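*Asks:* Sharing a structure here in structure tokens format.
The values are calculated or read from the model by the stated rules, or taken from the named source; none is laboratory data. Computed from a prediction, not measured in an experiment: that's the story for all the values here. As a convention, Cβ positions derive from the backbone with ideal geometry for all residues, glycine included, and neighbour counts pool all protein chains shown.
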């Protein structure tokens, strides 16, 4: 198996709700385990909290999460975003509508100077997202994604 970089999100008591929401947005299979299942906490208030949760989307992407134990300090996410990109406009706009609609837009989904549609939002669980919809190739600047650039800075046309 090839190594992969996956996002692992931490929540304070909302991992179950957050992961169910992400499953409703992205589809796929969701597996969850509680602290009680692994006998990892003696605190009765933590027994039903999520020790580990994993969403595997239909395209094979993996998003993981857990609740932060009560004895540990919870630090709200900051300084990073989860990025979703592709060229399936209806699919990506659906993700955008669900994520931004549940929270707030920080940059509206709009045509970017490089030709793609791009937007940023924070969902209702405080997770920052960036959505980039690749423009159709072949159109004039502002209507198509920029051509790849070689190391000399000239368009390769690939």
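*Asks:* Residue check: is residue 28 surrounded by fewer than 16 Cβ atoms within 10 Å (Cβ to Cβ), at positive phi and free of Cβ contacts under 8 Å to residues at least 40 places away in the same chain?
*Replies:* no
*Asks:* Right, another one. Do we have any residue at all in the range 41-57 that's on the phi > 0 side of the Ramachandran plot and surrounded by fewer than 16 Cβ atoms within 10 Å (Cβ to Cβ)?
*Replies:* no
*Asks:* Go through the range 92-106 residue by residue and tally those that are within 14 Å of the chain's Cα centre (by Cα) and modelled with pLDDT of 95 or more.
*Replies:* Summing the residues that are within 14 Å of the chain's Cα centre (by Cα) and modelled with pLDDT of 95 or more in the range 92-106 gives 10.
*Asks:* Output the number of residues of the range 4-19 satisfying the condition of being more than 13 Å from residue 82 (Cβ to Cβ) and surrounded by 14 or more Cβ atoms within 10 Å (Cβ to Cβ).
*Replies:* 8
*Asks:* Looking at this structure, is residue 42 farther than 13 Å from residue 127 by Cβ and assigned by TED's automatic domain parsing to the domain that holds residue 129? It would help to see each step written out before you state the result.
*Replies:* Details: farther than 13 Å from residue 127 by Cβ: yes; assigned by TED's automatic domain parsing to the domain that holds residue 129: no.
No; evaluated as a whole, the condition is false for this residue.
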